[in-house]
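Single-structure report; data block below.
The values are calculated or read from the model by the stated rules, or taken from the named source; none is laboratory data. Here the structure is a predicted model, which is why all the values come from computation and not from measurement. Quick reminder, even Gly has a Cβ in these numbers, built from the backbone with ideal geometry, and neighbours come from all protein chains shown.
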Amino acid sequence: MSGELLTLLLTTVLISFVHTASGPDHYLPFIVFSKTRKWSLATTMFWTTACGIGHVLSSVLIGLAGVLLGWQLSKLEFVQGIRGDLASWSLLILGVIYLVWGLVRAYQNKPHKHFDVYDGDDIYVYTHRHGEAVRPGSRIKVTPFILLAIFVMGPSEPIVPLLFYSGVTRSVFEITMLISVFTVTTVATMLAIVLLGYFGQSFVRTDKLERFSHAIGGAVVTLSGVGMVFWDW
């Protein structure tokens, strides 16, 4: 395994884990449903896995746009001789852009979705800003199928620059490995945290970390780009 591929895979694992673990919406609904609806362990794992895969599929579809863009770019004649350097610099530049965007988003306090329990057994989804009171009319009652739809429509953006890199290098093997590692890490992280909650164990609060999850993802991609460009990873 090449150093570049190892760096990409480790970056994918870290981004996927941080993105999943820092967002309570990735696991809280399943823990609540398992308790309030008295789901069995098998049912809890089924819905967690289904929503995790749905979340991954939407992320991969967006990422494949990056693959196609990188693939088409690599076909240009003047790119052929510098394809490796172009891929590394592209990863670094995209990482910096994503890092800056993540920091701006965190400090602008953009509206984001949250799940919470009301009326004893019912779970609702709503959007709000940090420090803002929730208006009762903005809450939407969640069912397992609505939850699945929410996950499908909520992709993980950090996978895009990684797949763009593999598109420039035109490596189908890299693309397949990245998607596989991203899928396994995301679903495994969701299952691990949900199972902890299912058996009554608490997980570290990640409310503040969630706000900076995009910035953290951008920082990880940037670090990988720096390593490839300047340190020959």
| In the range 132-150, how many residues are at pLDDT 70 or above and not aliphatic (A, V, I, L, M)? | 4
| remark: Within the range 151-162, of all residues that are part of a helix (DSSP H, G or I) and modelled with pLDDT under 80, the one nearest to Cys51 (Cα to Cα) is Ile159
| task | Hey, can you tell me all the residues within the range 181-233 that are modelled with pLDDT under 85, closer than 15 Å to Gly23 by Cα and either among the small types (Gly, Ala, Ser) or touching a strand residue (DSSP E or B) at 6+ places or on another chain (Cβ under 7 Å) (or both)? | result | Ser202, Ser213, Ala215, Gly217
| message | Name the residue that is farthest from the chain's Cα centre (by Cα), counting only residues in the range 1-17 that are modelled with pLDDT under 85 and crowded, with 18+ Cβ neighbours inside 10 Å. | response | Glu4
